[in-house]
Amino acid sequence: MPPGKTLSIDVTIGTVRIDGWDRPDVEITIERRAPDRAQLARVPIAIEDTAARLSVRAVQTENTTDPACRADVTVRVPRMALIDRVQVLEGRIAIEGFTGTLTADIRRGPIDGKSVSGTLRLEAGIGSVTLTDARLLGNGLLRLRSFNGDVRLSLAARPADARIMALALNGHVKSDIPLTRRETWGPRWGEATIGKGEPVISLDVVTGLIEIKAP
């Protein structure tokens, strides 16, 4: 997985797990499940590897969304990898030990991350987004969003420089880091500028709780 090469993952139903490791290569494990062997064909596996991109797909045929037919995908990648697309319709996304660039979206289900940093754009439709032991790097970004669910960010260290923005259209904002707040009727808004005012932590929910924890 040379620098600059991108990875994309598309799954209809299932869990996508992304583990960062200290090796330069990528390991992919896919486990399919279906009521019987014949129905495994409804979840075909497609892996395309070119010089610029590695693509992994486990998408149900005929645009079906049968929860009985699922594919669980585990990838081990260099910690600083570039993952520009993880798309899951229903299931779970789990991330650990990753410090690169990641854009991930799940329509139904949670996103959980542990010991992560880098440039992370994570979005859930119906489900929570939770990061624990996260770090904000000088050139990084933490952008977490849920339309119907909570967004919880637990930082491993309080950043010396950051711009923090939190918006809950229907919900509340809780933070260990002091925020300038608007808590009147309507959307709840909190923000803070620390040190240089960058990089950015951007958290928002339509319906749910935003929680920021820091030492």
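The values are calculated or read from the model by the stated rules, or taken from the named source; none is laboratory data. Computed from a prediction, not measured in an experiment: that's the story for all the values here. Glycine gets a Cβ as well: all are built from the backbone with ideal geometry, and neighbour counts include every protein chain shown. Protein only, heavy atoms only, side chains kept; ligands, DNA and RNA dropped before computing areas. Shrake-Rupley method; radii C 1.70, N 1.55, O 1.52, S 1.80 Å.
In plain terms, the chain from Asp161 to Thr193 could stretch by 10.7 nm, reckoned as 0.36 nm per residue minus the Cα-Cα distance.
Taking 0.36 nm per residue of separation and subtracting the Cα-Cα distance, full extension of the segment from His172 to Glu27 would add 48.2 nm.
Couplings 3J(HN,Hα) of the stretch 203-211, computed from phi: 10, 8, 9, 8, 10, x, 10, 10, 9 Hz, in residue order, whole Hz [Karplus 6.51 cos²θ - 1.76 cosθ + 1.60, θ = phi - 60°; x for Gly and Pro]. Residues of the stretch 25-41 with the amide nitrogen closer than 20 Å to a label point 7 Å from the Cα of Thr74, along Cα-to-Cβ, please. Answer for this model: 25-34. Considering only Cα atoms, the convex hull volume of the stretch 1-145 works out to 98 Å³ per residue.
Build a GNM of the chain with springs between Cα atoms under 10 Å apart, and of Ala81, Ala166, Ala94 the one that fluctuates most is Ala94. Here the chain is treated with +1 on each Lys and Arg Cβ and -1 on each Asp and Glu Cβ, and its dipole about the Cα centre works out to around 300 debye.
Residue-wise HN-Hα couplings along the stretch 35-44, as the Karplus relation 6.51 cos²θ - 1.76 cosθ + 1.60 with θ = phi - 60° gives them from phi, are x, 8, 4, 4, 7, 4, 5, 6, 10, x Hz; Gly and Pro carry x. Across the stretch 73-78, rounded Karplus estimates of 3J(HN,Hα) from the backbone phi angles (6.51 cos²θ - 1.76 cosθ + 1.60, θ = phi - 60°) give 10, 10, 10, 10, 10, x Hz, Gly and Pro being marked x. Remark: the chain carries 48 Å² of accessible area per residue (probe radius 1.4 Å; ligands, DNA and RNA excluded).
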